[in-house]
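First the structure, in the form of structure tokens, and then the observations on it.
What follows is calculated from the coordinates using simple rules that are stated; it is not laboratory data. Note that this is a predicted model, so its numbers are computed, not measured. Every residue, glycine among them, receives a Cβ derived from its backbone with ideal geometry; neighbour counts consider all protein chains shown.
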Amino acid sequence: MKQNTYFKTFLNGLLYENPSFVLFLGMCPTLAVTTGVVNAIGMGLSTTAVLICSNIVISLLRKFIPDKIRIAAYIVIIAGFVTVVQMLMNAYVPALSSSLGIYIPLIVVNCLILARAESFASKNTPLPSIVDGFANGLGYMVAIVILAFFRELIGSGKLLGYTVLPGFNPMKLFAMPPGAFIILGLMIFALNAIKQRKEA
């Protein structure tokens, strides 16, 4: 029974309640950092790490955090892990850290992480909270990597910095914010069409 619960939690985070395609959480970094696949992977891994770690700590402390200060307490916990992630990135991948810029510190107030802390980690034991954090982080990363894939390919004719479409005339619009909205809208439309087909 527990395995079924964990599997359901995993599928919810990855597919049925995907943070970007279904719940539309954390849309600011989703649209801002998806100009390249490397940036998207970096943001996705950072967010996943913070989600898992903060979920564990909040789950462990859920009975000790007073209701009146719970949101402030969650933010302090999340900020601690974001600081660790930022310091590690500055030390080991400074180019990526510089490229992501302000969006790494802004993970602290990412709606996705606060939502999982409030709706799941604060009500569940550590193991389900780890599964929830991993699933939502993975769902978020998959969404932004797919978005970045199309934006980088169409906007520059490159992938991971390498030219993959020689002779292709890049559509610069897709490297800019309006392009992110267009591709995201098309992806959500495609996913909803697939869901409706399956339900029918």
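In the range 1-148, the convex hull through the Cα atoms has an average projected area of 8.3 nm², a quarter of its surface area. Summarising the label geometry, the points placed 7 Å from Cα in the beta-carbon direction at A95 and S119 lie 3.8 nm from one another. Subtracting the Cα-Cα distance of L15 and K198 from their residue separation scaled by 0.36 nm leaves 64.5 nm. Relative to the Cα centre, the charge distribution of the range 61-200, modelled as +1 at Lys and Arg Cβ and -1 at Asp and Glu Cβ, gives a dipole magnitude of about 240 debye. Projecting the Cα positions of I77, A148, F64 onto the charge dipole of the range 56-172 (unit charges on Cβ atoms of Lys, Arg, Asp and Glu, taken about the Cα centre) puts F64 furthest along the positive direction.
For the chain, the longest principal axis of the Cα atoms and the long axis of helix 126-156 meet at an angle of about 10 degrees.
Calculated mean residue ellipticity, 222 nm, the chain: -22500 deg cm²/dmol, from DSSP H runs (n ≥ 4) at -39500 (n - 2.57) each, averaged per residue and rounded to 500.
Only loop residues by DSSP count here, and only those with at most 16 other Cβ atoms within 10 Å; note down the chymotrypsin sites (Phe, Trp or Tyr not before Pro) in the range 1-57 that meet that.
Working: sites: Y6, F7, F10, Y16, F21, F24; in loops: F21, F24.
Answer by residue number: F24.
Are there trypsin sites (Lys or Arg not before Pro) in the range 51-159 that DSSP marks as loop and that have at most 14 other Cβ atoms within 10 Å, and which are they?
Filter output for the range 51-159: K63.
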